[in-house]
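Here the structure comes first, spelled out in structure tokens, and everything after it is commentary.
The values are calculated or read from the model by the stated rules, or taken from the named source; none is laboratory data. Since the structure is predicted, the reported quantities are computational estimates derived from the model, not experimental observations. Cβ: placed from backbone, ideal geometry, glycine included. Neighbour counts: every protein chain shown.
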Amino acid sequence: MAVRSRSETLLVTTVQGGQRSRRPDELIVEEPMTVQLDGITVSTTMRTPGHDYELAVGFCLSEGLLAGHTVTGVRYCANGSAVGSEFNVVSVDTGGRAPAPRPRLGNTTSSCGLCGNDAIDELCAQLAPLPTTPPIEMAVLQSMPDRVRAAQGLFDATGAVHGAAAFTADGEVLLTREDVGRHNAVDKVVGRMLLDGRLPATGLGLFVSGRASFELVQKAWAAGFGTLVAVSAPTALAVHTARRAGLVLAGFVRADRLNVYAPERLAP
């Protein structure tokens, strides 16, 4: 698999204390990536290059496109040269077993999610409420921002990416991914776990470094996570969806505090 540059160094002007200086600054790379399922284009998203296969697989799972069918292969550009497409087209294969996908209308930006109540209802209707599992202790949830932060090397270099991580009930970080898009970082985590045969993520938690939107809750639900931890606020729709799923949703998580918005399964 090709190794792509995830950051680029450019000269910038810094103004501090009234003094100007020129210095190199490391900036995150953002490029479009088209996702295909069995050779049919389903979406184009802006993403940070790297872990592209995981992103494509995770997207197909969380969008409900796989319909429970096994991924038999992932590759760059099913219809031509990977080099010719600049490694920006990834095709997920199920051997034609997955239903013919319905493409999203338009492109997906690095920060956007689903549009339209019909699409939201359709996605949620595909998912059953999560099974009841032992709750994760509050102290573990509060510790996750610091635990995951230690693995966010790309954020240290650029300050311009989001992080997502899967973690156990005792706080062990199993997997961390970074991307310019919050939902892309989550899809990379979900895709890696699917390819490793570790889904559904029953009993595990999912950490996200930004706000908790509907789409992130839906992706956590689709992957089987019972808990979602965010360092910022959730949206009202995210809370309603988490309660519908039976998923614990915590926001504004810090070492000394957190808000719990979907308290179906809380530790004492």
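In table form, for the structure just shown:
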item	result
From L199, L249, residue being farther than 21 Å from G68 by Cβ and under 18 Å from the mean Cα position of the chain (by Cα)	L249
Options A238, A212, A185: the member that is buried (at least 21 other Cβ atoms within 10 Å of the Cβ), among the small types (G, A, S), under 26 Å from A160 (Cα atoms) and at pLDDT 95 or above	A185
Number of positions in region 26-79 that are assigned to a loop (DSSP other than H, G, I, E, B) and touching a strand residue (DSSP E or B) at 6+ places or on another chain (Cβ under 9 Å)	16
Lone unmet requirement of (1) outside any loop (DSSP other than H, G, I, E, B); (2) surrounded by fewer than 17 Cβ atoms within 10 Å (Cβ to Cβ) for G251	(2)
Residue pairs meeting the criteria (Cβ under 6 Å; at least 6 apart or on separate chains; first under 17 Å from E215 (Cβ atoms), in region 44-62; second among the acidic types (D, E))	M46/E30; R47/D179; L55/D187; G58/D187; F59/D187
Some residue of region 81-99 being among the hydroxyl-bearing types (S, T, Y), under 20 Å from K219 (Cβ atoms), at pLDDT 85 or above and under 21 Å from the mean Cα position of the chain (by Cα)	no
Helices (runs of 4 or more DSSP H) (entirely within region 115-177) containing at least 3 residues that are under 20 Å from M193 (Cβ atoms)	138-149
Residue in region 250-259 that is under 25 Å from E122 (Cα atoms) and free of Cβ contacts under 8 Å to residues at least 40 places away in the same chain present	no
Residue check, G197 at pLDDT 95 or above and part of a loop (DSSP other than H, G, I, E, B)	yes
Only listed residue being under 19 Å from E54 (Cβ atoms) and of a type outside the set (A, V, I, L, M, F, W, C), chosen from R198, R244	R198
Residue list for region 158-173, restricted to those being crowded, with 16+ Cβ neighbours inside 10 Å, more than 17 Å from A223 (Cβ to Cβ) and over 15 Å from the mean Cα position of the chain (by Cα)	T158, A160, G171
